[in-house]
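Below is one structure, written out as structure tokens; the observations come after it.
The values are calculated or read from the model by the stated rules, or taken from the named source; none is laboratory data. Remember, predicted model here, so these are calculated numbers, not experimental data. Don't worry about glycine lacking a Cβ; one is built from the backbone with ideal geometry, like all the others, and counts go over all protein chains shown.
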Amino acid sequence: MSESTDRSGFNSYFGFLMAAVGSAVGFGNIWGFPYKMGTHGGFAFLICYLILAVLVGFAIMFGELFIGRREMLGPMGSYINIGKRNGKNLKFMGWLAMLSALFLMGFYCTLGGYVLKYTIANIGTLVNAGWGMSGEAGAYFTAFTTDQTQAVAWAVIFVVLTAFICIGGVSGGIEKFCKIGMPLLFVILIVIIIKSVTLPGSSAGLAFIFKPQWDMLMGKEFVNTLGSAGGQMFFSLSLGMGAMITYGSYLTKKENLESSAWIIVICDTIVALMAALAVFPAVFAFGMEPAGGPGLLFVTMQSVFDSMGAIGPVMGTLFYFLVTIAGISSSISLLEVVTVSLQEMTGKGDPNKGWSRKKAVLTGAVVVGIMNIIVALDGLGATGLPQPLGKCWLDFFDLLAEGIMMPFGALVMSIIVGWVIGKDAVVKEATLEGNKFHEVGMFMACTKVIAPIGMAFILLGQIDSFFGLGLFSL
Ligand code: PFF
């Protein structure tokens with residue numbers, strides 16, 4: 001393989017795992033999972049989540065890693081080749097992956113900018129500088145997000161950081177960052193969990209997250225709970241937009257695809273549960289209302305740190321730093337999809353004939369930068385910018401990516417693996433170099449039938465929740 005496009009992969013299997021887990025572990029784990037679990041049935045939600053992760057998440061994770069490793073290309077090149085071999089034109093799947101990554105990154109980096117700002121502001125409080133946190137957390141957040149210059153500046157810094165790491169290459173940038181960042185994130189999370197669960201009154205938070213509400217699995221509530229768990233599961237696992245195809249394409253033939261997929265799914269779920277343990281015991285210990293989304297991350301959690309006394313800024317700095325690492329490790333995987341797709345597109349399927357890595361990263365970063373400038377200017381809809389479909393720009397980009405393109409991409413991908421590529425090719429690739437593939441039967445049943453049905457249901461659920469159609473709460 002030519003070196004001209006730097007299509008050399010990870011230096012080690014551990015590096016690959018950390019990068020893939022880093023893609024999966026992101027804002028979704030920290031502000032999505034704990035709140036959804038608490039409000040959608042606690043332990044009952046967890047059971048739904050785990051069943052979906054095993055039957056749908058694993059199949060799609062494996063399918064994406066398989067496609068990437070088999071073709072040794074990103075989504076654009078992979079789907080072009082698979083289409084050619086099967087007499088179909090599948091290029092649209094490459095486009096879908098690249099556009100999903102662009103739209104997702106189009107707002108993800110603005111949130112990343114917010115988190116960076118909060119890390120620095122907590123450090124400011126820690127060292128007693130004038131640029132520390134000040135005033136009531138809710139007012140501070142509104143003032144910051146509607147200060148367009150600041151919001152844009154922090155979003156752009158986050159995009160530049162992401163591009164900087166990607167320009168460093170797969171092993172020189174992404175792997176290096178994730179090999180240090182992910183273990184660090186894990187350690188910080190443990191420190192925060194210890195603090196959170198030992199606060200007086202924290203048990204109410206544990207009850208909020210874990211107490212089983214079995215009625216959430218009865219009747220119409222079941223559909224609701226399943227929809228919420230499904231949406232969370234595929235977003236959290238970074239599925240449906242080619243991130244795992246791209247990382248899988250850097251995997252050497254001697255690595256085990258099946259265990260790789262399991263490890264990523266399991267680690268992501270563990271971190272989501274750990275995030276729940278870090279966040280809600282502290283929220284309840286200080287008598288705050290549980291919340292989800294940006295409100296949880298930037299208002300509720302900051303109020304928690306403000307209430308902690310002297311240790312507050314230390315915990316605040318650690319917490320937002322942890323979330324920054326989670327955000328960057330996800331956003332580099334998104335930019336990598338865009339980069340590789342651009343190279344493969346400009347090379348008509350062959351990245352070696354397309355743009356250089358640097359040119360592709362920079363082009364992707366400029367597009368993503370412009371999208372994030374719009375989202376940052378919009379200040380979550382509070383600054384009076386004209387808005388598409390009556391939604392703030394963040395929700396609009398999220399609707400396109402998470403609401404429509406990603407679940408649709410995952411749905412079609414599993415059909416392609418199950419029905420177009422088929423069992424023999426999957427088994428052949430998974431058992432290269434003496435590897436074992438234990439769950440062939442289960443995988444084929446999942447990828448042919450269960451995952452497509454599950455993803456069709458999730459797609460409906462996403463559209464329902466974004467447009468408030470009320471289909472699922474009948
Ligand atoms: N998994 C990330 C999160 O939980 O925040 C979001 C994400 C990142 C989705 C990268 C898709 C992706 F390719």
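Against the list (1) within 23 Å of L73 (Cβ to Cβ); (2) under 25 Å from the mean Cα position of the chain (by Cα); (3) more than 16 Å from the ligand (Cβ to nearest atom), the condition V337 fails is (3). Determine if the stretch 410-425 includes at least one residue that is in a helix (DSSP H, G or I) and among the basic types (K, R). Yes: the stretch 410-425 contains one or more residues that are in a helix (DSSP H, G or I) and among the basic types (K, R).
Pairs linking a residue in the stretch 237-252 that is closer than 17 Å to L96 by Cβ to a residue that is among the β-branched types (V, I, T) and more than 9 Å from the ligand (Cβ to nearest atom), with Cβ atoms under 6 Å and 6 or more positions apart or on different chains, are L239/I60; I245/I67; T246/V340. Within the stretch 462-473, the presence of a residue that is buried (at least 22 other Cβ atoms within 10 Å of the Cβ), among the small types (G, A, S), part of a helix (DSSP H, G or I) and in contact (Cβ under 8 Å) with a residue 60 or more places away in the chain is excluded.
Of the helices (runs of 4 or more DSSP H) lying entirely inside the stretch 54-157, those carrying at least 3 residues that are in contact with a Phe, Trp or Tyr (Cβ under 6 Å, 6 or more places away or on another chain) are 91-126. On the stretch given as the stretch 232-257, residues that are away from the ligand (no atom under 16 Å from the Cβ) and touching a helix residue (DSSP H, G or I) at 6+ places or on another chain (Cβ under 6 Å) total 5.
Can you find even one residue in the stretch 218-226 that is in contact with an Asp or Glu (Cβ under 9 Å, 6 or more places away or on another chain), surrounded by fewer than 20 Cβ atoms within 10 Å (Cβ to Cβ) and in a helix (DSSP H, G or I)? Looking through the stretch 218-226, at least one residue is in contact with an Asp or Glu (Cβ under 9 Å, 6 or more places away or on another chain), surrounded by fewer than 20 Cβ atoms within 10 Å (Cβ to Cβ) and in a helix (DSSP H, G or I).
Yes/no matrix, rows are residues, columns are (1) in contact with a helix residue (DSSP H, G or I) (Cβ under 9 Å, 6 or more places away or on another chain); (2) at pLDDT below 95; (3) more than 26 Å from F222 (Cα to Cα):
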position	(1), (2), (3)
L377	yes, no, yes
K391	yes, yes, yes
G403	yes, yes, no
L411	yes, no, no
I416	yes, no, yes
V420	yes, no, yes
E439	yes, yes, yes
A451	yes, no, no
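Summed over the stretch 35-51, residues that are within 10 Å of A276 (Cα to Cα) and at pLDDT 95 or above total 0.
Of all residues in the stretch 261-283, those satisfying the criterion of being more than 16 Å from the ligand (Cβ to nearest atom) and either surrounded by fewer than 24 Cβ atoms within 10 Å (Cβ to Cβ) or not in a helix (DSSP H, G or I) (or both) are W262, L277.
Checking each residue of the stretch 395-402 against the condition of being assigned to a helix (DSSP H, G or I), touching an Asp or Glu at 6+ places or on another chain (Cβ under 8 Å) and either more than 26 Å from A229 (Cβ to Cβ) or within 15 Å of the ligand (Cβ to nearest atom) (or both) gives no match. Being within 15 Å of the ligand (Cβ to nearest atom), closer than 25 Å to I458 by Cβ, small (G, A, S) and outside any loop (DSSP other than H, G, I, E, B) is a property that G28 has.
When G240 is tested against (1) in a helix (DSSP H, G or I); (2) farther than 20 Å from E175 by Cα, exactly one condition is not met: (1).
Within the stretch 353-372, the set of residues being of a type in the set (D, E, K, R) and within 16 Å of V159 (Cβ to Cβ) comprises K358 only. Tell me yes or no: at least one residue of the stretch 441-459 is farther than 22 Å from Y79 by Cβ, within 16 Å of the ligand (Cβ to nearest atom), within 26 Å of the chain's Cα centre (by Cα) and not small (G, A, S). Taking every residue of the stretch 441-459 in turn, none turns out to be farther than 22 Å from Y79 by Cβ, within 16 Å of the ligand (Cβ to nearest atom), within 26 Å of the chain's Cα centre (by Cα) and not small (G, A, S). Which of the following residues is within 16 Å of the ligand (Cβ to nearest atom) and crowded, with 19+ Cβ neighbours inside 10 Å: F107, F141? Going through F107, F141 in turn, just one is within 16 Å of the ligand (Cβ to nearest atom) and crowded, with 19+ Cβ neighbours inside 10 Å: F107.
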